[in-house]
Amino acid sequence: MNEKFMDIALLEAKKAFKKEEIPVGCIIVKNNKIISKAHNKKNKTNRIIDHSEIIAITKANKKLKNWRLEGCDLYVTLEPCPMCASAIEQARINNVYTIAANNDTNNNEIITKIFKNTNFIKYDGNKESELLLKKFFLKRR
């Protein structure tokens, strides 16, 4: 896990927070270079699929001119939901690094089943993403 890349994903999450979106950021890296980055835009676009991971995958597909993202790593500030996990697996992304756990108790079991060919690595070092999510949801209540 490269902390520099996770810090950039966290900057994307902060952009989402400022736009009153759920603060999740994502980047995709290939050969140690960022090829795409995104943050949640579901509220802005009114499209349920506009999660940071889906947007980042779409941008990476366009940049690489290929739906296969083999050799790529994905850094995301919150564990992917099952929809995003399926897209990550289908895109053939090698590794997924995340720092904040999803509060849905079934989520971990479901995405573990989905990630057959993807290494799912939880990083426990940075709590800033969890704090940003808590701040966001406290503000909404």
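The values are calculated or read from the model by the stated rules, or taken from the named source; none is laboratory data. Everything numeric here is computed off the predicted structure, so don't read it as measured data. Positions of Cβ are backbone-derived with ideal geometry, glycine not excepted, and every protein chain shown enters the neighbour counts. Ligands, DNA and RNA are excluded from the accessible area calculation, which covers all protein heavy atoms including side chains. Shrake-Rupley method; radii C 1.70, N 1.55, O 1.52, S 1.80 Å.
Inside region 102-113, residues that are in contact with a strand residue (DSSP E or B) (Cβ under 9 Å, 6 or more places away or on another chain) and over 12 Å from E79 (Cα atoms) make up a count of 0. If the condition is being farther than 21 Å from E128 by Cβ and open to solvent by less than 40 Å² (accessible area, probe 1.4 Å), then region 7-54 contributes I35, S36, D50, I54. Selection of region 68-80 for residues being within 16 Å of H39 (Cα to Cα) and either at pLDDT 95 or above or buried (at least 22 other Cβ atoms within 10 Å of the Cβ) (or both) yields L74, Y75, V76, T77, L78, P80.
For region 46-81, the set of residues classified as hydrophobic (A, V, I, L, M, F, W, C) and not in a helix (DSSP H, G or I) consists of I48, I49, W67, L69, C72, L74, V76, L78, C81, listed by residue number. Is it true that some residue in region 58-66 is at pLDDT 95 or above and within 17 Å of I8 (Cα to Cα)? Yes, region 58-66 contains a residue that is at pLDDT 95 or above and within 17 Å of I8 (Cα to Cα). Pairing each residue of region 27-44 that is modelled with pLDDT of 95 or more with any residue that is assigned to a strand (DSSP E or B) and basic (K, R), provided the two are 6+ apart or on different chains, yields C-beta distances under 6 Å for I27/K37.
Checking each residue in region 82-116 for being open to solvent by less than 40 Å² (accessible area, probe 1.4 Å), outside any strand (DSSP E or B) and more than 14 Å from I55 (Cα to Cα) picks out E89, I93, N107, I111, I114, F115.
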